[in-house]
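Notes follow once the structure below has been shown.
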Amino acid sequence: MKSTESNSYENDLQHIKKSLLEQKSEILNKSMEFKSQQHSSQKAADEADAVVQNLQDNLNIQLHERDRHSLLLIDKALSKFANGTYGICDSCGDEISLKRLKARPLAVRCVSCEEELETSGKELLQ
Ligand SMILES: [Zn+2]
């Protein structure tokens with residue numbers, strides 16, 4: 001029943017899943033480092049140091065929030081793998097092309113829905 005083509009599609013999906021799991025553990029490792037940095041960087045010697053410290057903290061937090069966002073998207077993709085809906089467009093229910101999934105494994109919409117959303121939602125997002 002299964003053609004070689006669908007087998008390679010499955011293989012590709014497994015590759016994507018594996019790389020998502022790797023990304024997830026990388027982010028988790030990084031956020032552990034982030035936490036230990038927070039602990040060791042509490043003391044600022046004088047006011048100038050304190051300003052630099054604040055700037056660095058802000059950078060850290062920004063990075064951290066972006067990572068948190070990535071984690072959410074990765075988890076969402078992984079749960080789609082779990083219930084067999086990975087690669088299905090959230091908006092129209094069509095299959096997202098494998099080419100697109102390989103380039104953007106966290107994509108939840110097909111190209112045309114994404115473009116539509118970007119055009120209509122651009123002002124809202126900014
Ligand atoms: Zn779509």
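The values are calculated or read from the model by the stated rules, or taken from the named source; none is laboratory data. Predicted model only: the values in this text are computed from it and were never measured. So basically every Cβ, Gly included, is an ideal-geometry build from the backbone, and we count neighbours across all protein chains shown.
In this structure, is SER70 at pLDDT 75 or above, more than 16 Å from the ligand (Cβ to nearest atom) and among the hydroxyl-bearing types (Ser, Thr, Tyr)?
Taking the combined requirement at face value, the residue satisfies it.
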### Task
Of all residues in the stretch 85-99, count the ones that are under 20 Å from GLU22 (Cβ atoms) and either surrounded by 15 or more Cβ atoms within 10 Å (Cβ to Cβ) or in contact with a strand residue (DSSP E or B) (Cβ under 8 Å, 6 or more places away or on another chain) (or both).
2
### Query
Which residues, taken from the stretch 88-119, are within 14 Å of the ligand (Cβ to nearest atom) and of a type in the set (Gly, Ala, Ser)?
SER91, GLY93, SER97, ALA107, SER112
### Query
Can THR85 be described as within 16 Å of the ligand (Cβ to nearest atom) and either more than 18 Å from ASP12 (Cα to Cα) or aliphatic (A, V, I, L, M) (or both)?
no
### Task
Only one of these is outside the structural domain of LYS102 (by TED's automatic domain parsing), out of contact with any Lys or Arg (no Cβ under 8 Å at 6 or more places or on another chain) and modelled with pLDDT of 95 or more: GLU33, GLU22, GLU10, GLU65. Name it.
GLU22
